[in-house]
Amino acid sequence: MICDATLKNRIKRAQGQMQGILQMMDQDQACIDILTQLKAVRSSIEKAIGILTTNNLLQTIEEQNDIKLDGLSEAINLIVKGI
């Protein structure tokens, strides 16, 4: 599967958020603040899963049918936002 740069950047950003959460824990930050950040990471990961799954589906359809599916970015965004 070919992953585009935006998906990789999304995962790297979530990774950075996780490092920040570990630092918050080391600094004994308030539980509610840590929880808020964990929820943000979860949301980011869920969106990445939606993007990855949708892109994989499109790539599979294109490869198996020898066609090019253009102009579906708006539809993909609707699917990902629905997750």
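The values are calculated or read from the model by the stated rules, or taken from the named source; none is laboratory data. Predicted model only: the values in this text are computed from it and were never measured. Here the Cβ is made from the backbone with ideal geometry for all residues, glycine too, and neighbour counts use every protein chain on show.
Residues are listed down the side, and each one gets a yes or a no for (1) in contact with a strand residue (DSSP E or B) (Cβ under 8 Å, 6 or more places away or on another chain); (2) at pLDDT below 90; (3) over 18 Å from Met1 (Cα atoms):
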position: Leu38; (1), (2), (3): no, no, yes
position: Ile49; (1), (2), (3): no, no, no
position: Thr54; (1), (2), (3): no, yes, no
position: Ile83; (1), (2), (3): no, yes, yes
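Within the set of pairs 6+ apart or on separate chains, which have a first residue in the stretch 57-78 that is more than 15 Å from Cys3 (Cβ to Cβ), a second that is not in a loop (DSSP other than H, G, I, E, B), and C-beta atoms under 8 Å apart?
Once the first residue is more than 15 Å from Cys3 (Cβ to Cβ) and sits in the stretch 57-78, its partners that are not in a loop (DSSP other than H, G, I, E, B) give Ile67/Ile61; Lys68/Glu62; Leu69/Leu58; Leu69/Ile61; Leu69/Glu62; Leu72/Leu58.
Can you tell me which residue among Ile67, Ile34, Ile76, Ile45 is touching a Ser or Thr at 6+ places or on another chain (Cβ under 8 Å) and hydrophobic (A, V, I, L, M, F, W, C)? Break it down into steps so the answer makes sense when it comes.
Numbers: Ile67 fails: touching a Ser or Thr at 6+ places or on another chain (Cβ under 8 Å); Ile34 fails: touching a Ser or Thr at 6+ places or on another chain (Cβ under 8 Å); Ile45 fails: touching a Ser or Thr at 6+ places or on another chain (Cβ under 8 Å).
One residue alone meets the criteria, Ile76.
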